[in-house]
Structure formats: C-alpha cells, structure tokens
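K.L.:
Before I ask anything, let me first share the structure, which is written out below as structure tokens.
The values are calculated or read from the model by the stated rules, or taken from the named source; none is laboratory data. Quantities reported herein were computed from a predicted structural model and do not represent experimental measurements. All Cβ positions, even for glycine, are placed from backbone atoms using ideal geometry, and neighbour counts span all protein chains on display. Remember, those area values only see protein heavy atoms, side chains included, never the ligands or the DNA or RNA. Shrake-Rupley method; radii C 1.70, N 1.55, O 1.52, S 1.80 Å.
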Amino acid sequence: MKRAIVSDIHANLEALEAVLDDIAKQGVDSVYCLGDIVGYGPNPRECIDRVMGFNLSILANHDQRALYDPEGFSSGAERAIFWTREQLEMSNGDPGKTAERWRFLSELPRTHRDGPLTFVHGSVRNPLSEYVFPEDVHNIRKLERLFALIEHVAFQGHTHVPGIFTEDGRFLYPAEFAGRYPLPRNKLMVNVGSVGQPRDGDPRACYIILTDDAIEFRRVPYPFDKTIEKIHGVPELDPFLGDRLREGR
Ligand SMILES: [Fe+2]
C-alpha cells in the first residue's frame, strides 16, 4: 500500500498542481489530504475541486471557518476567510458545482483511523486546532498525553513544519534522516508539512509518501511568483500572505 499524504494547501493552486504532478509519478494507491484546503490563498474553488477527487480529506480550522464563523482568527486571516467564503458562494454559472463544494466541505470528518494509523489536522487530542510544534519536545507532559492516544502513527499538519516526533521526545527534521524514515515499531507523530504555505524556511511545496515500511518527505518546486502575483491582485488578501511564500516562512 502506497499513499501520498498532503496537507495545508491553503488555496495555492500552483503548489497543489506541482505536487499532484509529482504524485502522479510515484505510483500511489491513494491520496489523502489532512485539511486546510482553503484560507490565505487565491484559488479556493480550484483547490477544493482537485481535493474532491482524493480518497480522503480531513476537516481543518480554515475549512471549518470558511463554512461557519472565523471568530478567533487574526484580522488578516479573518479577511482572507470572508473573501474565501465569497469565492465559494459565487456560482460562476454552475450552481450545482457550488452546492457540491459546500456539501463536500460540510461532510469532511475530523479524524480518520485506519488500523493503528490516525489521520488528523492538528493533533489526536484536538483534531481541528491543537498545534504540535517542534518546541513541544520540551513539554514532556503534552507529548506523553498525545502519545497515549496514539496506537502506532498519527499523521498531522497544521503547523506547516514537516518532521517526526518520536515517542522518546525528539523532533527530527526531514534533513536529519535524508528525507526517508523507516517505520519503527515505536509510536510516531508525523507532520507531513504544507503544500501551499511552507514555514520551515524552504519555499518548495512539501508532502509525504507512506509505504508499509517507510515515510518519505518530498519537496516540490513550483512557480510561487505566479501565486504571489495573484495574492497581490486581491485587496482582501494581505500582501504578506504572498511575500512569505518566497521565503517559506
Ligand atoms: Fe494551515
């Protein structure tokens, strides 16, 4: 069984298409998305349309807030969400498609389990919105509580920082194991990184390939200048949301 797992696309169509091209060459059996399809970026409709063809997608905080209420977001993120909602409400001559997108978003699960594997957006404890940052290795109690809820491996996103948390309290960046990590018997939390808004200093889109015996982190270059230009062309989207794509921050 070979799976591609993506997350945090954030309406960045150029990044998503580059990743899907890369996935097409990997011979995978299925494609999963761990949420945040929309929010921040300029192409929410197009990104949802592509993810609707995946085998699984998980609900995340930005998707939920596009559906309901952006309360609790920073003003920039809130404005982006209101704009995103407007885009999703526009029928563009195809009201059936509009309804289909809303239905798809509203039916996304918060958690998916496949045997000992768990798939969430944030964490196994709070699937929608708990962050698990690399610095949390210093919060031993938090890690212990999370690992107690994990049977073998939890796959998550949300922080946009790819890497692996080991049960003995370490966080490993993909560069520390040359991008390929053999699946141990011990428990892991795996952050798959972000397709459309990477924040680990590498502007390339990130995703993982999961096989029965290993996890491979892949980085895919994409024409971010095009995405930045689109973001700068939308007054409701803070220009910083584009600028940061260049740095991967
Ligand atoms: Fe996100």
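K.L.:
Within the range 155-189, work out how many residues are in a strand (DSSP E or B) and within 16 Å of the ligand (Cβ to nearest atom).
P.N.:
Number satisfying all stated conditions: 3.
K.L.:
Then there is this: Which pairs turn up if I take residues in the range 155-168 that are open to solvent by 10 Å² or more (accessible area, probe 1.4 Å) and look for partners that are within 16 Å of the ligand (Cβ to nearest atom) and charged (D, E, K, R) with beta carbon separation below 8 Å, at least 6 apart in sequence or on another chain?
P.N.:
VAL161/ARG199; VAL161/ASP200
K.L.:
Another question, if that's okay. Would you please name the residue that is nearest to ASP212 (Cα to Cα), looking only at residues in the range 29-51 that are of a type in the set (Gly, Ala, Ser) and within 15 Å of the ligand (Cβ to nearest atom)?
P.N.:
Only one residue tops the list, namely GLY35.
K.L.:
Can I ask one more? For the range 14-42, enumerate the residues that are closer than 25 Å to LEU128 by Cβ and β-branched (Val, Ile, Thr).
P.N.:
The answer is VAL19, VAL31, ILE37, VAL38.
K.L.:
Additional query: Residue check: is ARG125 among the basic types (Lys, Arg), under 15 Å from ASP49 (Cα atoms) and in contact with a helix residue (DSSP H, G or I) (Cβ under 8 Å, 6 or more places away or on another chain)?
P.N.:
Here the answer is no, as ARG125 does not meet what is asked.
K.L.:
Also, quick follow-up: Do we find that GLU86 is within 16 Å of the ligand (Cβ to nearest atom), open to solvent by 60 Å² or more (accessible area, probe 1.4 Å) and part of a helix (DSSP H, G or I) in this structure?
P.N.:
Answer is no for this residue.
K.L.:
Same structure again: One residue is enough: does the range 136-151 have a residue meeting the conditions part of a loop (DSSP other than H, G, I, E, B), closer than 30 Å to ARG85 by Cβ and either within 16 Å of the ligand (Cβ to nearest atom) or in contact with a Pro (Cβ under 7 Å, 6 or more places away or on another chain) (or both)?
P.N.:
Checked against the condition, which is being part of a loop (DSSP other than H, G, I, E, B), closer than 30 Å to ARG85 by Cβ and either within 16 Å of the ligand (Cβ to nearest atom) or in contact with a Pro (Cβ under 7 Å, 6 or more places away or on another chain) (or both), the range 136-151 yields no hits at all.
K.L.:
Count, please, the residues in the range 169-199 that happen to be in contact with a Lys or Arg (Cβ under 9 Å, 6 or more places away or on another chain) and either of a type in the set (S, T, N, Q) or surrounded by fewer than 22 Cβ atoms within 10 Å (Cβ to Cβ) (or both).
P.N.:
In the first step, residues of the range 169-199 are kept if they are in contact with a Lys or Arg (Cβ under 9 Å, 6 or more places away or on another chain); the result is 174, 179, 193, 197-199.
Next, only the ones that are either of a type in the set (S, T, N, Q) or surrounded by fewer than 22 Cβ atoms within 10 Å (Cβ to Cβ) (or both) stay: 179, 197, 199.
The qualifying residues number 3.
K.L.:
Looking only at helices (runs of 4 or more DSSP H) that fall completely inside the range 1-75, which ones have 2 or more residues that are buried (at least 16 other Cβ atoms within 10 Å of the Cβ) and in contact (Cβ under 8 Å) with a residue 60 or more places away in the chain?
P.N.:
Helices (runs of 4 or more DSSP H) meeting the threshold: 13-24, 61-67.
K.L.:
For residues that are farther than 21 Å from HIS158 by Cβ and either open to solvent by less than 10 Å² (accessible area, probe 1.4 Å) or not polar (S, T, N, Q) (or both), tally how many sit in the range 206-221. Spell out how you get there, then give the answer.
P.N.:
If we filter the range 206-221 for residues that are farther than 21 Å from HIS158 by Cβ, which is where we start, we get 211-214, 221.
Filter once more, so that each one left must be either open to solvent by less than 10 Å² (accessible area, probe 1.4 Å) or not polar (S, T, N, Q) (or both): 212-214, 221.
Qualifying residue count, the range 206-221: 4.
K.L.:
Here's another thing I want to ask about it. Go through (1) under 21 Å from the mean Cα position of the chain (by Cα); (2) surrounded by 13 or more Cβ atoms within 10 Å (Cβ to Cβ) one by one and return the number of the condition ARG103 breaks.
P.N.:
Status for ARG103: all satisfied but (2).
K.L.:
Just to verify a result, which residue in the range 110-154, among those that are among the acidic types (Asp, Glu) and under 26 Å from VAL38 (Cα atoms), is surrounded by the most Cβ atoms within 10 Å (Cβ to Cβ)? Explain how you work it out, then say what you get.
P.N.:
First, the residues of the range 110-154 that are among the acidic types (Asp, Glu): 114, 130, 135-136, 144, 151.
Narrowing the set further to residues that are under 26 Å from VAL38 (Cα atoms) leaves 114, 130.
Working: ASP114: 12, GLU130: 16.
Only one residue fits best here, namely GLU130.
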